[in-house]
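Read-outs: derived from the displayed coordinates by stated rules, not from any lab. Treat the numbers as computed from the prediction; the structure is a model and nothing was measured. When we count neighbours, we look across all protein chains shown, and the Cβ atoms used for this are built from the backbone with ideal geometry, even at glycine.
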Amino acid sequence: MLEKMEESKHERVIEEFEALTKDAGRVQIETLRRILELNGEAEYLQSFGLGGRTDPESYKARVPLVTHSDLEPYIQRITDGEESPILTGKCVTAISLSSGTTGGRSKFVPFNDELVKSTMQIYRTSFAFRNREYPIKNGKALQFIYSGKQFKTRGGLTASTATTHVFRCDQFKNTMKDIMSQCCSPDEVIFGPDFSQTLYCHLLCGLIYSEEVQFISSTFAHGIVHAFRTFEQIWEELCDDIREGVLSSRVTVPSVRAAVSKLLKPNPELADDIYRKCSRLSNWYGVIPELWPNAKYVYGIMTGSMELYLKKLRHYAGDLPLVSSDYGSSEGWVGANVNPLLPPESVTYAVLPDIAYFEFIPLREELEEQELGNTGSTIVYKELKPVGLTEVKIGEEYELVFTSFAGLYRYRLGDVVKVRGFHNSTPELQFMCRQNLLLTINIDKNTEKDLQLAVVEATKLLADEKIELVDFTSHVDLSTDPGHYVIFWELSGEGSEDVLRACCDRLDLSFVDAGYVSSRKVRTIGPLELRVVQQGTFHKILDHHLGLGVAVSQFKMPRCVNASNAKVLQIMCNNVVKSYFSTAFC
Ligand code: AMP
């Protein structure tokens, strides 16, 4: 009876989503009207003389497209505690810090109840679709989630990462209960101040409740891979804790110790069982289903820069399906994964038309040749006019722009997406890359996606060596003349010289951008350099970001380190053990 009621609750969520997406064009107009009416008093909107108009045409004609830096002075005044309506009608009382791990610098953005509401809406929507395909019982979830630090800004506003704001609000707990996704670990663990102690306790609590765990998750796939790489090192200590019922001395934070100790009772049978299962595994293949026999899937963001970790994740997950979670940012949500059966490589996100007003700048390369007198001609990319949510075309790439309920108007998020199809009349987007991550020296132009494809291509050569790529990043080295691309690799073992040389050549040849290839041929770009770094180097990069206050839940490895990110570049360069220059194009 209770189960039937639960089911119909989730079916209702699907019905609501279907109704919204069938009428996406009208819902967008209505959403813009609501945003502009709620915030009509805000100084920012007043300055464009909308005069009460809320239609898309007037809005787009008067309010400019902006980036974060255009809004920074306004956000700064809010952060400093000015109480007049600046970006929103109602005063903003909290500020989120975006991770800044992709762009190199944390950004402050307003956070309010509307963002909490849309977060819950997106969680419930994707869960309803997921649960149709992979129904779970009312058990628990082993979630590798971490709350970042909270602090007060000069003006007294609460500042933390968006995920931390969400984990701390009441609606989060209620929603997690409704969607049967309650975390195994007590709150003290999630809110613990020390990342490695929290990770240890998540693993321990996951093992204590191993029969009840219905799925394994973290915000980004990297979090799960990192957790199991750690598990490989500490599993025996976890077994000892369970056998004796005494928590390891490595957990020193009193509140965390007390909360976990309460759950820990001596359980030699469970400890023996885990010990036996782990000893039987071959190179940890399938450890997740082995230890969590009732888990139905592994869940987290697996697209974009997370694709690198899929191979390792599949290894740990054995035959369990991998399901990518949703698409959003500290600034606001975009879309939900409503096709959970798709493998992560093909996942798309259906835009929720009532959570923001969306625009899309086409990235079709409409080129203009400009004559530059004697110096020849140069190519200029013409910026095309943004189109609306229902006007996008399948197969085309766009830069995403949104207007949110939290005071961001025609805001360029900096992400590139491709339209893969439509769910009713709302587009299904594939995440492509961050737009500002560009390897460029002269006329070459390689995005994060191009870099990733080149890396995937080159790592195929490692297969016979039985070693894996642990992580990678890149850098444009202009200290040489001509400048050249540097790719940093951390490997799980030692590769032979021949294979690494071949990888370096393959990397160079796999950047197929015409500007790069022609520059390499005429040597206006030097040979690509592959630098292999010591094991543990990328962990140092994670630690460095944690030290800056980035929450692990939002951490994304920077895929391109530019000279302004001096500390990270220094860590990379100080840990190089081998370096190779490409002999391609010789
Ligand atoms: P943050 O700056 O920490 O708020 O991170 C937001 C950024 O993470 C987005 O702008 C995207 O670049 C990336 N991101 C978020 N969700 C996804 C997803 N589902 N797939 C790929 N990248 C994502």
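Taking all Cα pairs closer than 8 Å and separated by 6 or more residues, the relative contact order of the range 477-586 comes to 38 percent. Each residue, GLU345 and ILE467, gets one label point 7 Å from its Cα in the Cβ direction; the gap between the two is 2.4 nm.
Can you give the FRET efficiency for HIS539 and ASN283, using 1/(1 + (r/R0)^6), R0 = 22 Å, r = Cβ-Cβ distance, to the nearest 0.05? Using R0 = 22 Å, I get an efficiency of 0.60. Bridgeable lysines around LYS521 (alpha carbons under 30 Å apart, same-chain partners fewer than 8 residues away excluded): LYS382, LYS445, LYS449, LYS460, LYS578. Please label the shape of the range 511-586 as rounded, prolate or oblate, based on the square roots a ≥ b ≥ c of the eigenvalues of the alpha-carbon gyration tensor (a/c under 1.5 means rounded; beyond that, a/b larger than b/c means prolate, else oblate). Here the range 511-586 falls in the prolate category. An oblate overall shape is assigned to the range 100-238, the ratio a/c of its alpha-carbon gyration tensor axes (a ≥ b ≥ c) being 1.5 or greater and a/b not exceeding b/c. Looking at the range 444-572, the DSSP beta bridges with both ends there are about 60 percent antiparallel.
Taken about its Cα centre, the range 263-303 carries a charge dipole of roughly 80 debye when the Cβ of each Lys and Arg holds +1 and the Cβ of each Asp and Glu holds -1. Checking Cβ-Cβ separations below 4.7 Å across the chain identifies CYS91, CYS169, CYS183, CYS201, CYS239, CYS278, CYS433, CYS503, CYS504, CYS560, CYS573, CYS586 as cysteines lacking any candidate disulfide partner.
What's the FRET efficiency of THR252 with ASP187 using the Cβ-Cβ distance as r and R₀ = 22 Å, to the nearest 0.05? Intermediate values should be presented prior to the final figure.
On the way: r = 18 Å, r/R0 = 0.83.
In this case the efficiency is close to 0.75.
Charged neighbours of ILE541, selected by a Cβ distance under 10 Å, balance to -1 (K, R count +1; D, E count -1). If the segment from GLU16 to VAL517 were pulled out straight at 0.36 nm per residue, it would be longer than the present Cα-Cα gap by 175.4 nm.
Which whole-number percent gives the relative contact order of the range 157-229, counting Cα pairs below 8 Å spaced six or more residues apart? Before the final figure, lay out each step's value.
On the way: 23 pairs, mean separation 14.6, N = 73.
Across the range 157-229, relative contact order equals 20 percent.
Spin-label model, ARG276/GLU244: points 7 Å from Cα along the beta carbon direction are separated by 2.4 nm. Between PHE151 and ASN174, the distance separating the two model label sites (each 7 Å from Cα on the Cα→Cβ line) works out to 3.3 nm. Using DSSP, restrict attention to beta bridges with both residues in the chain and report what percent are antiparallel, rounded to the nearest 5. Antiparallel: roughly 70 percent of the beta bridges in the chain.
How large is the dipole of the chain about the Cα centre if only Lys and Arg carry +1 and Asp and Glu carry -1, each at its Cβ, rounded to the nearest 20 debye? Mind dumping the intermediate values first?
On the way: 63 positive and 77 negative charges, 124 e Å.
Dipole of the chain, to the nearest 20 debye: 600 debye.
Relative contact order of the chain, taken over Cα pairs closer than 8 Å and 6 or more residues apart, is 14 percent.
Oblate is the label for the chain, because the ratio a/c of its alpha-carbon gyration tensor axes (a ≥ b ≥ c) is 1.5 or higher and a/b is not greater than b/c. Comparing Cα centroids, the range 6-82 and the range 136-215 end up 30 angstrom apart.
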